[in-house]
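Everything on this sheet refers to the single structure shown next.
Any read-out appearing in this document is the output of simple, stated calculations on the displayed coordinates, not a laboratory observation. Quick caveat: nothing in here was measured; it's all calculated off a predicted structure. Methodologically, a virtual Cβ is constructed for each residue, glycine included, from the backbone with ideal geometry; neighbour enumeration extends over all protein chains shown.
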Amino acid sequence: MKMTFRWYGEKDPVTLETIRQIPKMSGVVTALYSIPVGESWDLDSILKQKKLANDAGLEMEVIESVPVHEEIKLGSPARDKLIDNYITTIRNLGRAGVKVICYNFMPVFDWVRSELAYKTADGSNCLAYDQHMIDALDPRKQSLSLPGWDESYTREQLAALLRRYESVDAEQLFQNMVYFLTALMPACKESGIKMAVHPDDPPWSLFGLPRIISNEAGIDRLFRAVDEPENGITLCTGSLGADRNNDLVKMAGKYAAMGRVHFVHARNIKFIPQDDGKLFFHESPHPTECGSLDVYGILRALYENGFDGYIRPDHGRNIWGESGKPGYGLYDRALGAVYLSGVWEALEKTLPGNKKEG
Ligand code: CS2
Ligand code: MN
């Protein structure tokens with residue numbers, strides 16, 4: 001298991017020097033943020049980013065994300081050229097020693113929350129999801145200002161994009177994903193790159209748009225359709241965990257045993273029951289008892305089933321007066337990293353060898 005930390009490049013207020021000082025940190029998870037979605041990443045720019053990390057004593061073996069262009073998700077004729085560009089990126093990343101690409105296949109929206117700075121009882125703030133607030137939004141009718149929303153779309157562009165998705169149901173989206181991944185697999189094999197799809201966050205359909213990587217059935221189907229070890233997942237506990245029907249301990253163990261968990265995003269969330277039964281959760285500190293997810297159980301299932309990939313603490317709260325990028329400040333993620341490493345050490349020292357290593 002390799003502990004990593006997300007780094008948003010040179011503009012990130014959390015510097016490489018700081019990340020390096022977090023105990024047990026092996027490397028950063030980063031991306032080339034200035035290259036427009038759809039264009040291929042050139043080797044020089046990749047090597048430049050890698051050198052920054054390496055010079056600070058950190059590896060750069062995981063990329064999050066190489067974004068997937070909407071035309072690929074829509075399955076339009078423009079996709080083939082864009083898939084070729086993606087393949088060029090894979091080959092260049094492989095040349096630079098990258099091992100894992102995290103990506104998602106969510107139409108239009110990436111992660112969705114109703115609040116970026118929800119105040120919790122201890123005075124910290126964090127991301128939250130309130131179904132009441134989400135239900136009141138209709139991106140087709142009103143200008144959207146959602147936390148995490150890509151504001152580069154105008155209202156008209158967004159409306160036009162949403163109209164194009166009206167003919168793409170979950171089945172079509174799935175076929176488009178299979179088409180994309182199938183095309184990538186030979187380059188992945190040659191380049192030593194593993195694809196790790198990030199699950200839908202939250203794991204259900206939003207604003208009438210299909211979402212397909214939301215649960216065990218969806219992941220099983222994807223693995224069957226493109227049955228290659230390079231086709232794996234980012235096990236994001238907080239994303240999948242927002243649906244209480246997802247048995248994360250079971251999924252972690254099952255997919256680790258298949259060798260398909262290439263990357264783990266570890267975080268916890270806390271459900272707050274509402275009188276009308278609607279969903280409300282906020283993100284919580286990483287330890288098991290601070291939230292609703294069995295973080296220990298998930299790590300244990302990974303360990304017992306031979307997980308030997310990359311892990312990073314996912315979203316942290318803003319604590320100690322920090323006003324960091326929502327989810328991506330320094331302090332709480334650093335605490336999370338140390339907690340996760342501590343649990344892992346205890347597993348290694350108390351349980352018989354991790355099957356893959358033993
Ligand atoms: C991340 C996602 O911050 C987050 O929630 O996990 O934005 C993630 O980077 C993408 O979905 C992966 O493509
Ligand atoms: Mn995640």
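The figures follow:
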| read-out | value |
| --- | --- |
| Trypsin sites (Lys or Arg not before Pro), loop per DSSP, at most 15 other Cβ atoms within 10 Å - longest free stretch of the chain | 25-139 |
| Contact order normalised by residue count of the range 80-136, Cα under 8 Å, 6+ apart, percent | 21 percent |
| Charge sum, other residues only, whose C-beta stays under 12 Å from Phe263's C-beta, Lys/Arg counted +1 and Asp/Glu -1 | +2 |
| DSSP-defined beta bridges in the range 2-350 - what % are antiparallel, rounded to 5 | 30 percent |
| Contact order normalised by residue count of the chain, Cα under 8 Å, 6+ apart, percent | 16 percent |
| GNM flexibility winner over the chain from Asp55, Asp220, Asp275 (Cα, springs under 10 Å) | Asp275 |
| Modelled FRET efficiency - R0 22 Å, Asn54 with Ser34, Cβ distances, 0.05 increments | 0.65 |
| Sites Lys119 and Arg20 - FRET efficiency at Förster radius 30 Å, r taken between beta-carbons, to 0.05 | 0.40 |
| Within a Gaussian network of the chain (alpha carbon springs, distance under 10 Å), most fluctuating of Ser65, Ser205, Ser152 | Ser152 |
| Percentage relative contact order, the range 1-127, counting C-alpha pairs under 8 Å, at least six apart | 23 percent |
| Which listed pairs, of Lys2/Lys48; Lys50/Lys250; Lys51/Lys81; Lys51/Lys194; Lys250/Lys270; Lys48/Lys194, have C-alpha distances above 24 Å, in listed order | Lys50/Lys250; Lys51/Lys81 |
| Most mobile listed residue (Thr182, Thr89, Thr237) in the chain, GNM with C-alpha springs under 10 Å | Thr182 |
| Fully extended contour minus Cα-Cα distance, from Ser76 to Gln157, at 0.36 nm per residue | 27.5 nm |
| For Ser40, net neighbour charge (Lys/Arg +1, Asp/Glu -1) across residues whose Cβ lies under 13 Å away | -1 |
| Between the range 288-357 and the range 7-83, the Cα center-to-center distance that results, in Å | 22 Å |
